[in-house]
Amino acid sequence: MKPADYRPPFSAREFVAEPTDPPDERIEVGILIVGAGPAGLACAIRLGQLVQESPQLAERLGDVPVAVLEKGKQPGSHIVSGAVVNPRGLRRLFRGQKRIAEMPFYGEVEAESVYFLRAKTALRIPTPPTMKNHGNYVASLSQLVRWLGEQADEAGATILPETSAERLLVQDGRVLGVRTGDKGRGRNGQPLPNFEPGSDILARVTILCEGTQGHLTGIALDTFGLEGESPQVWALGVKEVWKVERPLRRVVHTMGWPLRAGAKYREFGGSFIYPMGEDMLTLGMVVGLDYRDAELSVHDLLQELKTNPLVRRMLEGGERVGWGAKTIPEGGYVALPRRLHAPGLLLCGDGAGMVNVPALKGIHYAVESGRLAAEAAVDALRPGRTPWAPGALGTYDEAVRKSFIWSDLKAVRNMRQAFGRGFYRGGMLASAMTASRGAFPPGNMRTERDAEQPILRTGRSKRYPRPDGKLTFDKLSSVYLSGNRTRDDAPNHLRVQTRVPEELAALWDRMCPAQVYEASDGRVEVTPSNCVQCGAITAKGGRLTPPEGGSGPEYTLT
């Protein structure tokens, strides 16, 4: 039995429409960016630079040259990452106008170590070449994104927070913009006294920078036939931020326990522990969503990780002050869209799958793709050109293929798939791939959809530690710490079958870090107000659709 056997009713056509607002009520902007994350804000900043350099461009783009839609309360509200950031993309974006010292980093990586864990021991091993972080910087990505939002605002972008993009507006095969979601509807869709209908926002170019599990990105891939040669796969990351008594002076990664090495389990992942100044650190657990055990819970694996003496010592006397969860695209090069554009449309960043799994990096690819998208959009708007003509935005694809994004991802294109054969065999294959710089094996290994993995049960949930409120914590207290703002009476934005086999109900119950799904007497009970919009359900047989703008978590340290 597989999660894919129980998909809910869903069609991309439901989220594609022509404009419906009267012409005089439509909102028109020059270039529309969906998503105020690293890619979207880098795009907005670069567009601002180009507009300042060209008065003629500013005139062509109209009164609102650049608009950015953000479904969270503000930029950064829905952002979760490790994060150790390669500054290459930021340096190229700001071109000397901003120094690294002016950006909200916690400092350059001073030292690093990698450990192979067992339950009570930690063996330090050589750092794999792909994981070396010399010259990189530690950050809270939610804080960095808020700072990027300030730079985009100063560059002239109009940022529209608490606004979800629900439908892609398409006419005659050309993307015209998006339809935003309604606000103020009740649980059954009925208008409440504070009801506000959504709006048609039209643009000459629409750039989707939605991040992982991007709703309209998925709709565009289906509508325009842009899917890559292999399906996208994801991991789920759960992280905590702690105030600690002793500063951590190095970046730490672990592999091995609490994951199992056998190929039949398909448990690929590990943990990270990063310093955040003198009195904080962040730690997280990341696990590929192609795992098979219905009782695996990434949140509970993180709690278990903290009982290892190495990790426990780092947290001793400390206090948990932050928590978050998010999926990460792991398909890499072989799952990239066959094209990154359609008439009037560009795709950027994590939404397009630009993540280097062996290096644990994606932020600088998002920033670079946003910058390149801005330049391609402006190029397509030159006098005598139209961005919706066939191939008009193809310069973006060419630029990405010539960039470090493409070469980096191509070199590690088969590493993630190798670990589907188990930890030890996968490790040996990955070593050969690293030594050959991607030449071995020749060709591309296909990925397998997360939802196509058969489910098994092993009773592993019995070993998870009980929450003590000091070192280990339950899911609901973690959701509270996320600052979740979703109304209890908001419409359900999650689509799942509610009558499913016991094994699948148990898988969703355990998988969700926010305790949204509860297996109960042959049914799945859904509590959508708990949802932190991590996106795991889409990978494992359900579907996350756009919630009301402004709902969801309010991350500040993640």
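Over the chain, what percent of the accessible surface lies on carbon and sulfur atoms, probe 1.4 Å?
Reported share for carbon and sulfur atoms: 48 percent.
With protein chains left intact and a 1.4 Å probe, residues in the range 450-558 average 42 Å² of accessible area per residue.
When only the Cβ of Lys, Arg, Asp and Glu is charged (+1, +1, -1, -1), the dipole of the range 192-326 relative to its Cα centre reaches about 660 debye. Between the range 197-244 and the range 27-77, what's the alpha-carbon centroid distance in Å? If we compute the Cα centre of each part, the gap is 18 Å.
Debye-formula intensities of the range 412-516, expressed as log10 I(q)/I(0) at q = 0.12, 0.14, 0.16 Å⁻¹, are -0.74, -0.89, -0.98 (one equal scatterer per alpha-carbon, no solvent).
In the range 111-261, inverting the average of 1/r over every pair of distinct C-alpha atoms gives 20.8 Å as the Kirkwood radius. The calculated 222 nm mean residue ellipticity attributable to helices in the chain amounts to -7500 deg cm²/dmol, summing -39500 (n - 2.57) over DSSP H runs of n ≥ 4 and dividing by all residues. Net charge dipole, the chain: roughly 2220 debye, given to the nearest 20, about the Cα centre with Cβ charges of +1 for Lys and Arg and -1 for Asp and Glu. With Rh defined as the Kirkwood radius, the inverse of the mean 1/r over Cα pairs, the Rg/Rh of the range 412-462 is 1.11. Only the Cβ atoms of Lys and Arg (+1) and of Asp and Glu (-1) were treated as charged; on that basis the dipole of the range 118-260 about its Cα centre amounts to roughly 1180 debye. Shape index of the range 163-222: Rg/Rh, with Rg the Cα radius of gyration and Rh the Kirkwood radius from the inverse mean 1/r over Cα pairs, equals 1.03. Over the Cα atoms of the range 497-556, the radius of gyration divided by the Kirkwood radius equals 0.98; this is the Rg/Rh ratio. Remark on T558: its backbone amide H falls under 5 Å from those of S142, a criterion applied only to residues 5 or more positions apart or on other chains, H modelled at 1.01 Å from N. The residue list L393, V252, V66 was ranked by how far each Cα lies along the charge dipole of the chain toward its positive end, using unit charges on Cβ atoms, and V252 comes out on top.
When you filter the trypsin sites (Lys or Arg not before Pro) in the range 260-299 for DSSP loop state and at most 13 other Cβ atoms inside 10 Å of their Cβ, you are left with K264. Shown here for the range 84-170: GluC sites (Glu not before Pro) in loop regions (DSSP other than H, G, I, E, B) with at most 13 other Cβ atoms within 10 Å, namely E110. Taking only the C-alpha atoms of the range 175-279, Rg followed by Dmax gives 21.9, 55 Å. Phi angles of the range 280-289 translate, via the Karplus equation with coefficients 6.51, -1.76, 1.60 and θ = phi - 60°, into HN-Hα couplings of 9, 8, 10, 9, x, 10, 10, 9, x, 7 Hz per residue; Gly and Pro are given as x. Based on DSSP, what percent of beta bridges with both residues in the chain are antiparallel, to the nearest 5? That works out to approximately 70 percent antiparallel. D by Stokes-Einstein for the range 45-96, Kirkwood Rh over Cα pairs, 10 °C, 1.306 mPa s: 115 µm²/s. Stokes-Einstein diffusion coefficient for the range 340-457 at 37 °C in a medium of 0.692 mPa s, Rh from the Kirkwood formula over Cα pairs: what value in µm²/s? Value of D from the Cα-based Kirkwood radius: 202 µm²/s. Taken over the range 1-128, the alpha-carbon convex hull comes to 247 cubic angstrom per residue. Among P547, V524, G535, pick out the residue whose Cα is farthest towards the positive end of the charge dipole of the range 517-558, where Lys and Arg carry +1 and Asp and Glu carry -1 on C-beta, about the Cα centre. Toward the positive end, the furthest listed residue is G535.
Given a 1.4 angstrom probe, what's the average accessible area per residue across the range 1-89, in square angstrom?
Accessible area per residue: 42 Å².
For the range 62-144, what is one quarter of the convex hull surface built on the Cα atoms, given in nm²?
Values: hull surface 36.2 nm².
Result: a mean projected hull area of 9.1 nm².
Remark: C-alpha extents of the range 18-75 on the principal axes read 35, 31, 17 Å, sorted largest to smallest. Candidates P87, A139, A111 compared by Cα position along the dipole of the chain: farthest toward the positive end lies A111, with charges placed on Cβ.
Cα-Cα pairs above 11 Å in the range 189-228: how many percent?
Above the 11 Å cut-off, the range 189-228 has 76 percent of its Cα pairs.
Computed across the range 292-405, the Kirkwood radius stands at 17.3 Å (inverse of mean 1/r, all Cα pairs).
A P(r) calculated from all alpha carbon pairs of the chain, with 20 Å bins opening at zero, reads 22, 58, 19, 0 percent.
The loop-placed GluC sites (Glu not before Pro) in the range 379-476, going by DSSP, that have at most 16 neighbouring Cβ atoms within 10 Å of their Cβ come out as E448.
The values are calculated or read from the model by the stated rules, or taken from the named source; none is laboratory data. Computed from a predicted model, the values in this text were never measured in an experiment. Methodologically, a virtual Cβ is constructed for each residue, glycine included, from the backbone with ideal geometry; neighbour enumeration extends over all protein chains shown. Each accessible area value is taken on the protein alone, full model and side chains, heavy atoms only, with ligands, DNA and RNA left out. Shrake-Rupley method; radii C 1.70, N 1.55, O 1.52, S 1.80 Å.
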